[in-house]
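The values are calculated or read from the model by the stated rules, or taken from the named source; none is laboratory data. Computed from a prediction, not measured in an experiment: that's the story for all the values here. Cβ placement follows ideal geometry from the backbone for every residue including glycine, while neighbour counts extend to all protein chains displayed. All accessible areas refer to the heavy atoms of the entire protein, side chains included, with ligands and DNA or RNA removed. Shrake-Rupley method; radii C 1.70, N 1.55, O 1.52, S 1.80 Å.
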Amino acid sequence: MHRLMGATAALALMALSAAASAETWRLGLEEIEGSVQHRYAERFKELVEKRSDGDITVRLLPYGTWGSTYTALYDAVQNGAIQLGFGSGALGGTVPESQLLNLNFVMPADQWRTAKVLNSDAFLKSEAWQQSFRQRDLVPLAELPEGYQVWTANKPIRQPADMKGLKIRVMDNSLLRATYKAYGAAPTTIAYGELYSALQQGQAEANIQPVFAHQEMGFYEVQEYMIFARQSQFVATLMGNEQWYDGLSEERRAMIDKVVAKLVREGHDMQTSFNKKRLKAIKKASDIQIIELDDAQRQAFRDKARPVRQTYIDEVGERGQQALDTLLKAFGTAGDQ
C-alpha cells in the first residue's frame, strides 16, 4: 500500500512538474483562417511544438479573435497579452520605420530574392531594424512576403495619368497615402471588413491587395480590372513582445531562429502557390480583365514613387535612413535604384 501511495504521489508530482514547465505562446494573425499568414502560422506552431517536445503549445488567433482593429493586435503584443503577432501596412502607426516595407519600387521584382534578403542577418538583425522595433517593446523575428500588391479598379490603369483623382483604398499608413498621391490618386483609408461594401457602393473605386486577399474577400466581384505593376510586395513582420523574447532561454531563442529560417523557403512557396491558385479561381469565377504593365510603364510609376523615399526619411528620421540604406545595400541596389 505504501509503495502504491508513493508511486501515485510520484506520478502526481511528475504531472505537476510537466504542467509547470509547459508554455503557451499566443500568435495573433492579421488575416483569416486559410490565408498565407494562417498557413505559415500553422507550420510555425507545428515546428515549435515538435522541437520543444511538447513543452510549448502555440495558440493561433486569426483576424477578429483579438479585437476589431489592427492596432488592438499590436497593442496586445506590446503589452505582452499576446506573445507573438504579425504586423504589416498598418504597423506604421506603431513602428514608423516599418513603413519602409511599403515603399514602392524598392524591392526587386524577383519574389524569392526579396524573401531571402528580408530574412537575412544583414537586414533583419541590423541595428537599425532591430532598434526600430525594440524602441516600441517589440522584436522583429521574421519577414513574410505574401506576394505582389495588385491593384484592382473599375477602369484600366497603365500610366500615372490613369490614376488621377482615383479613390483608391490604402491601409492606414502615411507612406502609402504619400505614394498614391504621388501617382495622382486620391487615397482613402477604409476598414478591411468594410471594404467590399465600400467598393460596391463607390466609396472606393480601386483597391490594393495581394491576389489571395482579392480572392478570399471577394473584392474582384465588384471591380472590373486587375493590374499587375510589380511595384511592391505585401510583407508581414512576425514580431514578439520584447520582454517575453528577452526572457526566453538561449535555447528557446535559437529554436525560434531555426524555425523561422526553415520557413523562409516554405513561406515563399506557400504564397506562390496560394496566389497562383487564387488568381486561377478569380479568372474562373469572373470576367475581370488582367493588365500586366511592361517595363516602360513600370518606369513611369517608379519615377513618381522615387521622391517618396525622402518623405519616409523626413517622417521617421535618421533610423529610417539607416534602415533604407541597409535594405538597398542588402539588395545590392544602393546605387542604381
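Taking all protein chains in place and a 1.4 Å probe, what share, in percent, of the accessible surface of the chain do carbon and sulfur account for? It is 48 percent, rounded to a whole number. Note on Ser273: accessible area is roughly 50 Å² with a 1.4 Å probe, heavy atoms of protein only. Residues of segment 49-64 with the amide nitrogen closer than 12 Å to a label point 7 Å from the Cα of Ser249, along Cα-to-Cβ, please. Counting only backbone N, you get 52-53, 55-56. By the scheme Lys and Arg +1, Asp and Glu -1, what is the net charge of all other residues having a beta-carbon under 10 Å from that of Ala109? Within the 10 Å Cβ shell, the charges total +1. Once Rh is set to the Kirkwood radius over Cα pairs, what Stokes-Einstein translational diffusion coefficient, in µm²/s, holds for segment 33-155 at a temperature of 25 °C and a viscosity of 0.890 mPa s? The diffusion coefficient I find is 152 µm²/s. Near Val48: Cβ cut-off under 13 Å, other residues only, Lys/Arg at +1 and Asp/Glu at -1. The net charge is +2. Computed from Cα atoms, the angle from the helix 2-21 axis to the main principal axis of the chain rounds to 20 degrees.
Under 16 Å of direct C-alpha separation, and excluding same-chain neighbours fewer than eight residues apart, Lys155 reaches these lysines: Lys164, Lys167.
Compared with the dominant principal axis of the Cα atoms in the chain, helix 250-285 is inclined by about 40°. Taking 7 Å steps out from each Cα toward its Cβ at Glu49 and Asp295 produces label points 4.9 nm apart.
Of Lys262/Lys284; Lys45/Lys116; Lys181/Lys284; Lys116/Lys277, which ones are farther than 26 Å apart at the Cα? The pairs that break the limit, which is 26 Å between Cα atoms, are Lys262/Lys284; Lys181/Lys284.
Our summary of shape: the Cα atoms of segment 210-330 have principal axis extents of 54, 34, 23 Å, ordered from largest down, in whole angstrom. Rg over Rh for segment 57-108 works out to 1.04, using Cα positions for both radii and the Kirkwood form for Rh.
For the pair Ser120 and Ala81, what calculated FRET efficiency results from E = 1/(1 + (r/R0)^6), where r is the Cβ-Cβ distance and R0 = 25 Å, to the nearest 0.05? Here the calculated transfer efficiency is 0.20. A simple spin-label model places the labels of Ala72 and Glu23 2.7 nm from each other, with each point 7 Å out along Cα-to-Cβ. Accessible surface comparison of Arg309, Arg39, Arg134, Arg59, probe 1.4 Å, protein chains only, largest first: the order is Arg59, Arg39, Arg134, Arg309. At q = 0.07, 0.08, 0.10, 0.15 Å⁻¹, what log₁₀ I(q)/I(0) does a Debye calculation on the Cα points of the chain give, no solvent, two decimals? The Debye formula, applied to the Cα set alone, gives -0.31, -0.40, -0.60, -1.29.
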